[in-house]
Amino acid sequence: MRRPLVVANWKMNGSLASNSERLQSFLARWKGVHQAEVAVCPPAVYLPQAAELLAQSNVGIGAQDVSAADEGAYTGEVSGGMLADIGCQYALVGHSERREYHGETDALVAKKFVAAQRHNLTPVLCVGETLAQREADETLVVVGEQLKAVVDLAGRNAVASAVVAYEPVWAIGTGLTATPEQAQEVHAYIREQLGSIGAGVRILYGGSVKPANAEELFSQNDIDGALVGGASLNSDDFYSICQAAE
Ligand code: 13P
């Protein structure tokens, strides 16, 4: 039995004031015991604020990125040890925006995955194809290669304790969502690639998840939750999505 997980990726949005309002308005509703697990990934500078506001709650905290290195002369980087130190439990690795705008290769993403686990963070490994790749019928090949880079470096057993997020690049921030069937096909493929450990790994869908489409996506056999961008900035919408995962 895989516990549903909904993760908010705020990307580079927020301020002390708006973060506080957003988190408090969500917490006011997300009380008590829930079947679904929820975590929030604010920008790195706001992680301590989130850690404080979420300390007594049932909402976890994640970083949007993690360095492949542990410490030293890496200007601007934040290490897994530092993230764990301030109370993070999760770290996104290989988000398509990092791959696209910051040149992160499959090999670097794999190193980040291993670095996160070295510091007891649960990596949320993001994979997904571009529109051109989907149109060229390369979706499964691309996703398979992204996954394989991590399995080759970390070992398949390491992925057993991680989370995978399938985020088709063409569906991110565009309002275009993969149909539940399109998403399910890729999720099932990812699970199959993970072999014997696959059945226990949570595989999230990301890409224009909204209250209106969440339930249908979550009804698919291999969709165990969501990684939510834009809609996570609105606490009403994010709450509705979390409820749909229950
Ligand atoms: P949107 O929900 O805004 O499409 O973003 C998805 C995403 O990239 C989450 O990591």
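Bear in mind that the values in this text are calculations on the coordinates, not laboratory data. As the structure is a computational prediction, the values presented were derived from the model and not from experiment. Note: ideal-geometry Cβ built from the backbone for every residue, glycine included; neighbour counts use all protein chains shown.
Seen from Tyr74, the other residues with C-beta closer than 13 Å to its C-beta sum to a net charge of -2, counting Lys and Arg as +1 and Asp and Glu as -1. Relative contact order of the stretch 1-106, please, whole-number percent, based on alpha carbon pairs below 8 angstrom and at least 6 residues apart. Relative contact order for the stretch 1-106 comes out at 24 percent. All C-alpha to C-alpha distances of the chain, sorted into 5 Å bins beginning at zero, yield P(r) values of 1, 7, 15, 20, 21, 18, 12, 6, 1, 0 percent in whole numbers. If you sort the three axes of the alpha carbon gyration tensor as a ≥ b ≥ c, you get a/c of 1.5 or more for the stretch 85-195 and a/b above b/c, which makes it prolate.
Restricting to Cα pairs below 8 Å that are 6+ residues apart, what does the relative contact order work out to for the chain? Please round to a whole percent. Once normalised by length, the contact order is 22 percent. Once the Cβ-Cβ distance of Asp137 and Tyr74 is raised to the sixth power relative to R0 = 51 Å, the FRET efficiency obtained is 0.85. Pull out a ≥ b ≥ c, the square roots of the eigenvalues of the alpha-carbon gyration tensor of the stretch 1-135, then state rounded if a/c is under 1.5, prolate if not and a/b is larger than b/c, and oblate in the remaining case. The shape class here is prolate. Among Thr139, Thr75, Thr179, a tally of other beta-carbon atoms within 10 Å of each Cβ gives an order, fewest to most, of Thr75, Thr179, Thr139.
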